């Protein structure tokens, strides 16, 4: 998503609390070059692969993507986002992921803490006129059934504050292979319809593709 939007000349910020900048860039290179990410991790690349990576690296470097891996608290995220808006005219912020964000405020429980995080991000989006995409974890039992809004982990405020809620899941958990059938469920859309979109996920290079089912 970040690459596609940035390719249109739009400034995108990625705040990763789960992966290092090296891991994120490695995934981007794997997707762009179609090289198996396992070969990158194991350093078993051939000269042809290295040539592809060199070209892809220069193309990715030209994209207006701002990768931040040292903003761990809500307050740090706010500061970084405001700077990117003022200096780079930021239009999209992606946070990976909401439940890893820490909040320096005092709260009675984690649910209240997450509620404050989602509300603050909502207000930040409105104030700066940017889109905020926050990745989330689901409750553990969600993997056994089709996920619902009640499965959003740690706080119902995620559902309340979000304009749109999208779930990615496998309908057939026993399915194996390099290509997986993934369902994108639009569980909430404030300005449109809900429904499902069917995707193919290539595990080798972390790439999603849309498919049509009759």
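Rule-based calculations on the coordinates, nothing more; no lab input. Only a predicted model underlies this, so the values are computations on that prediction, with no experimental measurement involved. Please note: Cβ atoms are built from the backbone with ideal geometry, for glycine as well, and neighbour counts cover all protein chains shown.
Worth a mention:
- Three-way shape label, the range 102-145, alpha-carbon gyration tensor, a/c 1.5: oblate
- The stretch between residue 202 and residue 104 holds 31.4 nm of extra length on full extension. This uses 0.36 nm per residue minus the Cα-Cα distance.
- When peptides 118-125, 50-57, 91-98, 145-152 are ranked by their average number of other Cβ atoms within 10 Å per residue, the highest-first order is 91-98, 118-125, 145-152, 50-57.
- In summary, the chain shows an alpha-carbon radius of gyration equal to 1.09 times the 2.2 N^0.38 Å reference for compact globular proteins.
- For the range 49-164, the percent of C-alpha pairs falling in each 10 Å distance bin, counted from 0 to the bin holding the largest distance, reads 12, 38, 29, 17, 5, 0.
- Considering only beta bridges that DSSP places wholly inside the range 2-162, some 5 percent are antiparallel.
- Added length on full extension, which subtracts the Cα-Cα distance from 0.36 nm per residue, residue 168 to residue 89: 25.4 nm
- Packing-based ranking, highest mean first, of 21-33, 100-112 given that Cβ atoms within 10 Å are counted: 21-33, 100-112
- Prolate/oblate/rounded label for the range 1-102 (Cα gyration tensor, a/c 1.5): oblate
- Judged by the ratio a/c of the largest to the smallest principal axis of the C-alpha gyration tensor, the range 1-44 counts as oblate, that ratio being 1.5 or greater while a/b is no larger than b/c.
- Sum of -39500 (n - 2.57) over DSSP H runs of 4+, divided by residues of the chain (222 nm, nearest 500): -11000 deg cm²/dmol
- Extension gain, residue 51 to residue 19: 0.36 nm times the residue separation minus the Cα-Cα distance gives 9.0 nm.
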